[in-house]
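Engineer: Let me give you the structure first, and then I'll get to my questions.
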Amino acid sequence: MSDYVQSRTQGRFSFRAPRRQASGGLQEENRLPLRKQLVRQLLCLLIAFTIIFPILWIVSLSLDPRDLSRPTEFRLIPPGASLDAYKRVFGQPTANPVLFRELALNSLMLAGSVALFSIAVGILAAYSFSRFEFKGRKAIMFGVVTVLMLPAIATIAPLFVMLNRIQINIGDTQFNLRTSLLGVAIALTAGQLPFAIWNLKGYLDTIPRELEEAARIDGASPNLVFTKIVLPLALPALAVTGFLAFNAGWTEFALSWMFLTNPKNFTLAMSLYNMSGQWSGDVPWSAFAAMALLVAAPVSIVYLVLQKWIVGGLTIGSVK
């Protein structure tokens, strides 16, 4: 298998085949000296250590049965290591009368609904911006970018006032939209949509229009072209957008903390914050570490499942 090395000579680019060794192998040109290779390897190891060390510390802390008020030492396997902290967290992690499975279900519903509606509404809007010319298109796109530039925390006050005025009455079910998970999901979806639209539009622009034109010549309807051609090709971008929206909903704290008042509607992020006391000595560090790992695990699992499409979406231009 031939390989070519690019070099620059006299202001021009030329290509030449690498020299062959006497043994028949290929000798790479521009190979890094051993000293530079060692320096780069040590730099990579240092970066990996800075990332892995805090995770190992949290894992070790979650296995420590002593519940130290001020954890100042690190032992990969602490003395008397056990899973008691995980057992406590799986029951009732805080003083609020709500179980871990209820908190996890609330977080899952919030994150799943935000991801689903961000993708569903975002892909339709992005396809419209990418393929159609209509009056006010540029103004609307500029508005989407403007909203995207605003920090999410700046929208809490107007969302609080607006959602607080909406009262839902369906039969025997009555609730204020602001104090419900539905209200938090709507507010969070509104904040995720500008990014979803712009992200998906950038990817759809890279899909050749000739594919859609060929399908229309063969008699395919616009809906069939969209569902059978555009959506399968946009899977990497959909995976990236869905994962980021799911991550935003799963780890969301500010809106939930400001809006929700009933402990039955609390999320895992809110309960994790409730485990911290006023002083560091009041924090049950083993249970806190176990809870933190359990909160982070689903997002990591979702990333591993969608990693193939996420990497493809990031490298083919979905976020340019």
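Rule-based calculations on the coordinates, nothing more; no lab input. Worth saying up front: this structure is predicted, and the values here are computed from it rather than measured. Note that each Cβ is placed from the backbone with ideal geometry, even for glycine, and that neighbours are counted across all protein chains shown.
Engineer: Size of the dipole of the chain about the Cα centre, Lys and Arg at +1 and Asp and Glu at -1 on the beta carbon, nothing else charged, in debye to 20?
Structural biologist: Working: 28 positive and 17 negative charges, 217 e Å.
Dipole magnitude for the chain comes out near 1040 debye.
Engineer: Calculate the length of the line joining the C-alpha centroid of the stretch 43-92 to that of the stretch 153-189, in whole Å.
Structural biologist: About 38 Å separates the Cα centre of the stretch 43-92 from the one of the stretch 153-189.
Engineer: When the chain is fully extended, how far beyond the present Cα-Cα distance does ASP282 get from ASN96, taking 0.36 nm per residue of separation? Kindly include the intermediate steps, with their values, before the conclusion.
Structural biologist: Working: separation 186, 0.36 × 186 = 66.96 nm, distance 1.65 nm.
Stretched fully, the ASP282-ASN96 segment lengthens by 65.3 nm.
Engineer: While we're looking at this one, here's another question. What nm value, rounded to one decimal, do you get for the distance between ALA48 and ALA297 when each label is placed 7 Å out toward the C-beta?
Structural biologist: 2.5
Engineer: Once phi is turned into θ = phi - 60°, what whole-Hz ³J(HN,Hα) does the Karplus curve with 6.51, -1.76 and 1.60 give for every residue of the stretch 195-204, x standing for Gly and Pro?
Structural biologist: In residue order, the calculated couplings are 5, 4, 5, 5, 5, 5, 4, x, 7, 4 Hz.
Engineer: Among the lysines, which fall within straight-line cross-link reach of LYS264, defined as a Cα-Cα distance under 26 Å, with same-chain neighbours fewer than 8 residues apart omitted?
Structural biologist: LYS264 reaches LYS87.
Engineer: When the Karplus curve 6.51 cos²θ - 1.76 cosθ + 1.60 is applied with θ = phi - 60°, which whole-Hz ³J(HN,Hα) does each residue of the stretch 107-115 get, with x for Gly and Pro?
Structural biologist: With coefficients 6.51, -1.76 and 1.60, one gets 5, 5, 5, 5, 5, x, 5, 5, 5 Hz.
Engineer: Using only the Cα atoms, what convex hull volume per residue in Å³ does the chain have?
Structural biologist: Given the Cα convex hull of the chain, per-residue volume reads 269 Å³.
Engineer: Which of the peptides 294-305, 112-123, 139-150 is most tightly packed, and how do the rest follow, going by the mean number of other Cβ atoms within 10 Å of each residue? Provide the component values of the computation, followed by the final result.
Structural biologist: Working: 294-305: 14.3, 112-123: 20.9, 139-150: 12.6.
Packing order, densest peptide first, comes out as 112-123, 294-305, 139-150.
Engineer: Still on this structure: If we sort 90-101, 199-210 on the protection proxy, mean other Cβ atoms within 10 Å, highest first, what's the order?
Structural biologist: Details: 90-101: 14.8, 199-210: 17.2.
Ranking, from highest mean packing down: 199-210, 90-101.
Engineer: Which of the lysines could be linked to LYS135 by a straight reach, that is with a Cα gap under 30 Å, when you skip same-chain ones fewer than 8 residues away?
Structural biologist: Filter leaves LYS201, LYS228, LYS320.
Engineer: Roughly how large, in nm² to one decimal, is the mean projection of the convex hull of the alpha-carbon atoms in the stretch 117-225? Walk me through the numbers on the way to the answer.
Structural biologist: Values: hull surface 38.2 nm².
Across all orientations, the stretch 117-225 yields a mean hull projection of 9.6 nm².
Engineer: Hey, what's the Cα Rg ratio for the stretch 182-314 versus the globular rule of thumb, 2.2 N^0.38 Å? Numbers along the way, then the final one.
Structural biologist: Working: Rg = 20.4 Å, N = 133, 2.2 N^0.38 = 14.1 Å.
The value comes to 1.45.
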